[in-house]
Amino acid sequence: MHRHFCSSTWIREANRIKSILAAATVFFLLYVNGAQAATALTADRLIDGRSDKAIRNAVVLIEGDRIIAVGDRSIIPADAEVIDLGDATLMPGMINAHEHPLMYADDYQEAHLNSSSSYKALRALAGLQRLLLAGWTGVRVMGDADVFYAMADVRRVIDSGVFIGPHITGAGHYISITGGGGDINYLSPEQHVIPDGLIADGPEEIRKAVRTEVKYGSDWIKLLVTGAFQSVGDNPRNVAFSPEELRVAVEEANRLGVPVAAHAHATEGIKQAVAAGVRSIEHGTYIDDEAMRMMVKRGTYFIPTVSMGDYYAEASTLRAQDKNDEYMETGRATFLAAIARAHKAGVKVVVGLDLGAGAVDPAVYAREFAVFVEAGISPMDAIKAGTSVAAELMRWDDDLGTLEKGKLADIIAVPGDPLTDISALEYVSLVMIGGRLIKRPGVTSSLAGLLPAAD
């Protein structure tokens with residue numbers, strides 16, 4: 001009895017001590033984390049995504065996942081970790097408004113038939129991580145060549161912190177008509193395969209397709225309103241969707257609180273999509289001045305994806321290579337002039353690449369900025385098109401797109417001055433996403449393939 005009493009007392013006392021120690025440990029960790037020093041990034045120049053000029057000798061102060069101040073060196077606390085980048089430019093993380101992470105081959109429709117959703121998802125995750133290391137902290141997925149909804153799972157593992165990756169929004173599929181750009185049109189009628197797009201014909205099928213996309217995680221709807229350049233058996237100058245189909249698609253998406261992006265090359269397709277109320281026009285190769293005026297009036301965004309055509313002109317064996325070659329020979333110069341006119345008229349032009357993140361060297365992605373400059377857009381406006389204006393398109397502008405107090409600390413640095421040499425954006429030296437520093441000069445990145453986000 002006595003032994004039992006002593007044993008029970010000892011156990012109770014041991015448990016009490018363990019509780020005290022556990023509480024002390026939690027208090028200590030909270031104290032340390034709460035007292036964690038801020039990080040100060042300094043460089044010769046800063047582009048904040050809002051101003052029309054670079055700011056000289058600026059400092060960005062970060063605490064946790066947020067920017068707490070932007071100013072000069074007087075704002076740096078005594079205990080801050082200072083990362084001085086010298087002759088470099090700090091700027092917001094770049095945002096790619098048109099991407100297909102699950103596509104990994106020039107002949108993407110063939111790859112779609114040959115690869116499982118799991119395989120494509122794993123390649124997509126690795127490709128998105130490479131994009132992040134190249135300075136792209138935000139990506140809008142414009143549908144993918146996939147039977148199921150693998151991209152939603154890739155976003156889920158990133159959002160839940162299982163893996164590091166950029167912020168992601170977008171559509172699981174591009175919705176196409178039978179025989180359109182999302183259908184596989186080069187097989188015989190005897191072959192019954194699942195197309196790379198989500199096929200829907202008529203208003204009710206369109207309505208169901210929109211609902212299905214939203215059900216499985218799409219927060220954008222992507223419509224192939226016209227034919228495409230890279231698919232076989234359709235014509236980019238032709239309009240695919242009827243005005244009624246377009247109206248129903250936008251109406252249903254709006255009812256569900258989801259914006260619509262319209263793949264549209266043909267002039268009339270662009271106008272019909274804008275009139276139906278889409279939020280963005282993708283590509284817009286044959287845009288005219290009337291369409292531009294409509295877009296300005298309605299606030300429709302324009303994502304030209306020019307460098308995609310350049311890339312496939314040099315490095316591709318597309319099944320539909322003839323269409324891209326014809327565009328490069330006869331249409332590219334006209335298109336660049338139209339982009340410049342659209343920007344001057346007030347159309348909100350945005351950077352988007354339309355390339356497969358798993359297949360292309362990330363340095364290629366920054367060349368869209370150079371194409372904008374080639375078209376006659378100023379380097380500063382080109383950079384805004386891939387930062388602050390892109391964030392507005394995605395409705396991310398409360399948190400992303402500019403370097404301002406209270407915004408998420410998505411910050412990159414490039415050597416020199418991109419306002420004098422836009423190609424500097426191909427050589428990102430520092431990347432921070434949500435306050436997490438994953439790349440800095442002279443330090444090997446913590447990302448290699450598929451490393452988890454936890455330290």
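So the values come out like this:
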| read-out | value |
| --- | --- |
| Residue within the range 359-372 that is under 19 Å from R66 (Cβ atoms) and of a type in the set (S, T, Y) present | no |
| Candidate set from the range 341-374 (those that are within 11 Å of S307 (Cβ to Cβ) and surrounded by fewer than 22 Cβ atoms within 10 Å (Cβ to Cβ)); member that is farthest from the chain's Cα centre (by Cα) | E374 |
| Residue match in the range 137-151 (condition: of a type outside the set (A, V, I, L, M), buried (at least 17 other Cβ atoms within 10 Å of the Cβ) and in contact with a Pro (Cβ under 6 Å, 6 or more places away or on another chain)) | yes |
| Inter-residue pairs, beta-carbon under 7 Å, first surrounded by fewer than 24 Cβ atoms within 10 Å (Cβ to Cβ) and in the range 210-236, second among the hydrophobic types (A, V, I, L, M, F, W, C) and part of a helix (DSSP H, G or I), 6+ apart | Y216/A152; G217/A152 |
| Options A105, A80: the member that is in contact (Cβ under 8 Å) with a residue 40 or more places away in the chain and touching a strand residue (DSSP E or B) at 6+ places or on another chain (Cβ under 6 Å) | A80 |
| Count of residues meeting criterion [farther than 27 Å from D234 by Cβ, in contact with an Asp or Glu (Cβ under 7 Å, 6 or more places away or on another chain) and at pLDDT below 95] in the range 106-157 | 1 |
| Number of positions in the range 390-408 that are under 18 Å from G299 (Cα atoms) and buried (at least 24 other Cβ atoms within 10 Å of the Cβ) | 4 |
| Yes/no for I68 being among the β-branched types (V, I, T), over 20 Å from L132 (Cβ atoms), surrounded by 14 or more Cβ atoms within 10 Å (Cβ to Cβ) and at pLDDT 95 or above | yes |
| Residue match in the range 196-205 (condition: of a type in the set (G, A, S) and either within 22 Å of the chain's Cα centre (by Cα) or more than 26 Å from E99 (Cβ to Cβ) (or both)) | yes |
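The values are calculated or read from the model by the stated rules, or taken from the named source; none is laboratory data. Being a predicted model, the structure only gives us computed values, none of them experimental. FYI the Cβ positions are ideal-geometry reconstructions off the backbone, even for glycines, and counts take in every protein chain you see.
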